[in-house]
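See structure below.
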Amino acid sequence: MRLFLALELNPEIRNSLAALEQQVSAAAVRWAKVEQIHLTSKFLGDVTDERAVEIEQGMNSIVAGLAPFEFTVAGGGCFPERGAVRIVWAGVQQPCAELATLTARIEEQLEELGFEREGRPFHPHITLARVKFDNSYGKLREEIAALKFKPATQRVTCLTLFQSILGAGGSAYKALHRAEFKD
């Protein structure tokens, strides 16, 4: 199974982010389906069923003692910073100490389970679209820079383990386990 940990977004934020597609004219952009827009915390890759159970148990340790928290979705951009665009993203306003704490706990717990730590600092973002081939000569980058999105606050109540199921029409995501934060 191809798995990742993520924070789910409320429908209002997902719909607002999905609507940004209307502001971009480039045809080579493959936008995320509205129901699949989320904030990835950790991509795990291909994992056996047995390891998935270990991850689910580890998730309960990760969230132990953490209360629900909020972060603000604001701004955005594209990766890489120069050259042809590959990813269109929405930003997460910093600082958010709770999100940093959660990320550190995820890395620590998953390292104990044998997963490699992320080699670069965590920069939370929400992937909105992927670009197979950017031949817009800078126009796509300009359109992304001009995107209008009203900042929105997201309340986080759980950490979700998703399975990514690859298909002809792209990936479909299935929630396998939710570890709830406690007040």
**OP:** Run ARG117 past the list (1) more than 19 Å from the chain's Cα centre (by Cα); (2) of a type in the set (Lys, Arg); (3) under 19 Å from ASP46 (Cα atoms) and report the number of the one that doesn't hold.
**Re:** (1)
Original post:
Pairs under 6 Å by beta carbon, first residue touching a residue at least 24 places away in the same chain (Cβ under 8 Å) in segment 42-57, partner in a helix (DSSP H, G or I) and not charged (D, E, K, R), six or more apart or different chains?
Top reply: LYS42/ILE106
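One line per residue, one yes/no per condition, for (1) touching a residue at least 24 places away in the same chain (Cβ under 8 Å); (2) not aliphatic (A, V, I, L, M):
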residue: HIS123; (1), (2): no, yes
residue: GLU143; (1), (2): yes, yes
residue: LYS148; (1), (2): yes, yes
residue: VAL156; (1), (2): yes, no
residue: SER171; (1), (2): yes, yes
**OP:** Select from segment 155-183 the residues that are among the aromatic types (Phe, Trp, Tyr) and under 17 Å from the mean Cα position of the chain (by Cα) and write down the one among them that is surrounded by the most Cβ atoms within 10 Å (Cβ to Cβ).
**Re:** PHE162
Subject >> Of all residues making up segment 10-39, the number that are of a type outside the set (Val, Ile, Thr) and not in a helix (DSSP H, G or I) >> reply: 11
Original post:
For segment 98-145, how many residues are part of a helix (DSSP H, G or I), small (Gly, Ala, Ser) and more than 15 Å from LEU39 (Cβ to Cβ)?
Top reply: 2
Original post:
Among the candidates GLN57, GLN23, GLN109, which residue alone is crowded, with 16+ Cβ neighbours inside 10 Å and not aliphatic (A, V, I, L, M)?
Top reply: GLN109
**OP:** Working only within segment 49-70, note down all residues that are within 25 Å of GLN93 (Cβ to Cβ) and in a helix (DSSP H, G or I).
**Re:** ILE62, VAL63
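Only the coordinates and a few stated rules stand behind these numbers; no lab work does. Keep in mind that what you see is a predicted model, and the values were worked out from it rather than measured. We place every Cβ from the backbone using ideal geometry, glycine too, and count neighbours over all the protein chains shown.
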